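Have a look at the structure below before the remarks.
The values are calculated or read from the model by the stated rules, or taken from the named source; none is laboratory data. On a predicted model such as this, the values are computed, not experimentally measured, just so you know. Virtual Cβ from ideal backbone geometry, glycine too; neighbours counted across all protein chains shown. The area values use the complete protein model at the heavy-atom level, side chains included, leaving out ligands, DNA and RNA. Shrake-Rupley method; radii C 1.70, N 1.55, O 1.52, S 1.80 Å.
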Amino acid sequence: MTVPLIDPFQRAISYLRVSVTDRCDFRCVYCMSENMTFLPKKELLTLEELDRMCSTFVRLGVEKLRITGGEPLVRKGIMTFFNAMTRHLESGALKELTLTTNGSQLGRFADDLYAAGVRRVNISLDTLDETKFADITRWGRLPQVLKGIDAAQAAGLRVKINTVALKGFNEDELFTLVEWCKSRDMDLTFIEVMPMGDIGNEDRLDQYWKLSDLRARLAEEYTLADLDERSGGPARYVRLEETGQKIGFITPLTHNFCESCNRVRLTCTGELYMCLGQEDMADLRPALRNHPGDDAPLEEAIRAAIAMKPKGHDFDYSRQSVEGRMSRHMSHTGG
Ligand code: SAM
Ligand code: SF4
């Protein structure tokens with residue numbers, strides 16, 4: 001019997017988020033600067049290495065894999081990786097294989113993802129206005145994403161929309177977004193902007209729209225019933241009594257969710273971040289690359305890393321400066 005991954009605070013680690021690339025076909029203003037420097041391709045884990053890495057985590061008790069990036073669907077050959085993970089779903093070791101995507105490539109991949117065993121996708125979309133969409137993503141085009149959402153639903157994938165709450169940008173679309181998700185039977189989760197990485201001239205505090213304010217606005221129109229549902233992550237959910245919709249709030253800055261944290265994050269270069277809000281990481285690549293035929297050193301490196309998982313994070317927007325700012329980009333660690 002393999003001993004499961006338990007951290008020093010008795011949290012079982014059952015959820016791995018994997019960034020499969022730092023590249024993206026969009027340049028969202030809160031995520032990247034326009035002229036991003038990406039990692040040299042040789043730094044990235046190969047698809048085979050990603051398979052070995054994820055399979056080792058699954059063997060150690062990870063039951064949920066979320067594939068992210070950058071934009072996971074722009075990674076060349078990514079379906080080979082998804083197809084390889086199917087065997088863990090079939091064996092029952094893996095309970096869920098899912099991804100977070102900007103939706104731009106779903107027209108091409110939705111059917112294949114469903115065939116690989118993916119049943120749910122999170123699609124990021126901050127506005128339903130074509131001009132605003134082009135502004136916020138810089139390179140993205142709304143009609144292509146809407147086609148991707150159509151393709152996902154037609155393929156049988158359950159869609160959740162992730163919307164970053166941005167002051168002065170999508171405040172006026174709160175109810176439009178809620179109603180649109182209702183009309184398409186999609187869940188909706190709002191995310192607070194986090195201080196990740198240098199994004200050029202954009203100012204984080206200018207972008208920050210507190211979700212407690214968003215929630216209060218929502219409560220002016222709807223009756224909000226708190227749901228007990230917990231995913232082990234920073235999301236909290238309510239049900240809108242009038243429509244039955246589920247709405248999520250991801251508030252890593254204003255709420256402490258660390259006590260129930262069940263997740264770790266693997267970057268596309270094989271670094272394991274034990275906490276989204278801390279700089280500490282363990283480089284698993286040497287254990288992987290120096291021992292091609294033997295997973296024992298990798299298992300050992302993973303266990304040693306989990307033993308260093310911190311109790312919580314240090315983000316703080318409470319003063320008028322961004323404390324606890326992270327130097328790495330969200331696209332590196334995966335959102
Ligand atoms: N490219 C994919 C996408 O956009 O869904 C996956 C990667 S993206 C980094 C994952 C999520 O992180 C997206 O929902 C995005 O909106 C969110 N995100 C990116 N930068 C963020 C930031 N600074 N604060 C909060 N959320 C952010
Ligand atoms: Fe790309 Fe996602 Fe970052 Fe936007 S949020 S730039 S789509 S990685």
Crossing angle, helix 47-59 versus the chain [Cα axis fit, 0-90 degrees, rounded to tens]: 90
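At 1.4 Å probe size, with every protein chain present, just tell me what the per residue accessible area of the chain comes to in Å².
Values: 14340 Å² over 335 residues.
Ligands and nucleic acids excluded, the figure is 43 Å² per residue.
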Under 12 Å between alpha carbons, and skipping anything fewer than 8 positions from residue 182 in its own chain: which aspartates and glutamates qualify? 242
Starting from the 7 Å offset along Cα-to-Cβ, what nm value, one decimal, do you get for the label separation of residue 134 and residue 79? 3.1
Over the chain, what portion of Cα pair distances is larger than 25 Å, expressed as a whole percent? 51
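Compute the FRET efficiency between residue 173 and residue 242 as 1/(1 + (r/R0)^6), taking r as their Cβ-Cβ distance and R0 = 22 Å, and round to the nearest 0.05.
Numbers: r = 19 Å, r/R0 = 0.85.
Efficiency at R0 = 22 Å is approximately 0.70.
How much of the accessible area of the chain, in percent, comes from carbon and sulfur atoms when a 1.4 Å probe is used? Could you put the intermediate results ahead of the total?
Values: 6980 of 14340 Å².
That fraction is 49 percent.
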For the Cα atoms of the chain, what angle does the longest principal axis make with the long axis of helix 106-116, in degrees from 0 to 90, nearest 10? 50
Degrees separating the helix 174-183 axis from the principal Cα axis of the chain, which is the longest one: 70
Here the cysteines of the chain lacking a cysteine partner under 4.7 Å (Cβ to Cβ) are 24, 54, 181, 258, 261, 268, 275
Within segment 145-188, chymotrypsin sites (Phe, Trp or Tyr not before Pro) in DSSP loop having at most 12 other beta-carbon neighbours inside 10 Å: none
The chain: relative contact order from alpha carbon pairs under 8 Å, six or more residues apart, as a whole percent, is 22
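In this model, which of 76/132; 95/160; 147/167; 246/309; 41/132 are farther than 21 Å apart at the alpha-carbon?
Numbers: 76/132 29 Å; 95/160 18 Å; 147/167 27 Å; 246/309 31 Å; 41/132 32 Å.
Beyond 21 Å: 76/132; 147/167; 246/309; 41/132.
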Given only helices, namely DSSP H runs of n ≥ 4 each adding -39500 (n - 2.57), what is the per-residue ellipticity at 222 nm of the chain, to the nearest 500 deg cm²/dmol? -9000 deg cm²/dmol
Partner lysines whose C-alpha sits under 22 Å from that of residue 311, ignoring same-chain residues fewer than 8 away, are 64
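GluC sites (Glu not before Pro) within segment 214-292: which are DSSP loop residues with at most 16 other Cβ atoms inside 10 Å?
Filter output for segment 214-292: 229, 241, 242, 279.
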Return the long-range amide H neighbours of residue 283 (sequence gap of 5 or more, or a different chain), with a cut-off of under 5 Å between placed amide H atoms. 272
Rounded, prolate or oblate: which one fits segment 135-182, using the alpha carbon gyration tensor with axes a ≥ b ≥ c (rounded when a/c is under 1.5, else prolate when a/b beats b/c, else oblate)? oblate
Quick one: if the Förster radius is 35 Å, what FRET efficiency do residue 33 and residue 90 give, using the C-beta to C-beta distance and rounding to 0.05? 0.25
